[in-house]
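Single-structure report; data block below.
Rule-based calculations on the coordinates, nothing more; no lab input. The structure presented is a predicted model; accordingly, all values stated were derived computationally and were not measured. Glycine gets a Cβ as well: all are built from the backbone with ideal geometry, and neighbour counts include every protein chain shown.
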């Protein structure tokens, strides 16, 4: 089996784990976790230089989940990769757990706590700038939701990333076009999105964010333009993989019923 087939298979496996995690915990953000699963899978199984054994290596790649509420796919992948025991997934969302509903840097492999939307890219700019000044080889990947692009801090960070010529910084937008209260364009229009990032001095690559081959091709060749940060505009489907969840704003953080849970697992088999 070639790498792309392996990544596609792994993404299906992770989607099933996400549905199981949310159903068992009776909480979680299912729509955005499913839309970003392919992106996270390619990053963690095909692109980034990060392993449980090298989480303190100064030259490890860094990842920040800026859309921290979609943590479920992240937890499932970190457990599958061996950063913490898979058995611990059963504690997700429970009192006293490390696996809270946003990234928590008490968990091995998590660089920064996130959850306050709009802050992740600023953190990434700082990490990437430190890497440049230390003459280190690592890259910084920041996964953002499209809803958080209404936050002004995103655009301050975008301006700084270009100003400091951070070609070791890769921003990824999970462009599923939905947020908790409706479509992004109805809540706060952000188009023309590619033009805006280009105007802020970023090299922009637009892809199908649920196509593993396209994701891999985009992320395996960064930096694409020396002296410029890269923005991967990943067009995705919220709730990807489960027919009755796809493109439904109401599934931003809804929990499946027992019948829906069984149907979802069947579709992801």
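Taking the DSSP beta bridges with both ends in segment 3-267, the antiparallel portion is around 10 percent. By the Stokes-Einstein formula, at 1.002 mPa s and 20 °C, segment 1-159 with its Kirkwood radius over alpha-carbon pairs has D equal to 133 µm²/s. Each label was represented as a point 7 Å from its Cα along the Cα-to-Cβ direction; for residue 133 and residue 27 these points are 3.8 nm apart. Using the average count of surrounding beta-carbon atoms within 10 Å as a protection proxy, the listed peptides 235-242, 19-26 rank, highest first, as 235-242, 19-26. Taking every alpha-carbon pair under 8 Å whose residues sit at least 6 apart, the chain reaches a relative contact order of 24 percent. Measuring between their Cα centroids, segment 13-72 and segment 242-266 lie 19 Å from each other. Here 55, 77 are placed in order of increasing Cβ neighbour count within 10 Å, fewest first, which gives 55, 77. Principal-axis analysis of the Cα atoms of the chain puts helix 258-267 at an angle of about 60° to the longest axis. Rg and Dmax, both from the Cα atoms of the chain and both in Å, are 17.4, 54.
How tilted is helix 30-42 with respect to the longest principal axis of the chain? Cα atoms for both, answer in degrees (0 to 90, nearest 10). Roughly 60 degrees between the two axes. The percentage of C-alpha pairs in segment 1-60 whose separation is greater than 15 Å is 58%. The convex hull of the Cα atoms of segment 118-192, projected and averaged over all directions, covers 4.9 nm².
Taking 0.36 nm per residue of sequence separation and removing the Cα-Cα distance, the residue 59/residue 225 pair yields an extension gain of 57.7 nm.
Separation of segment 127-153 and segment 86-122, taken as the distance between their Cα centroids, equals 18 angstrom. The orientation-averaged projected area of the convex hull spanned by the Cα atoms of segment 78-211 comes to 9.8 nm².
Tell me the angle of helix 152-163 to the major Cα principal axis of the chain, expressed in degrees between 0 and 90 and rounded to the nearest ten. Roughly 40 degrees, rounded to the nearest 10.
Max-minus-min Cα coordinates of segment 189-269 on each principal axis give 51, 30, 14 Å, with the largest extent listed first. The Rg/Rh ratio of segment 175-232, with Rg taken over Cα atoms and Rh as the Kirkwood radius over Cα pairs, comes to 1.04. If R0 is taken as 41 Å, the Cβ-Cβ distance between residue 156 and residue 6 corresponds to a FRET efficiency of 0.60.
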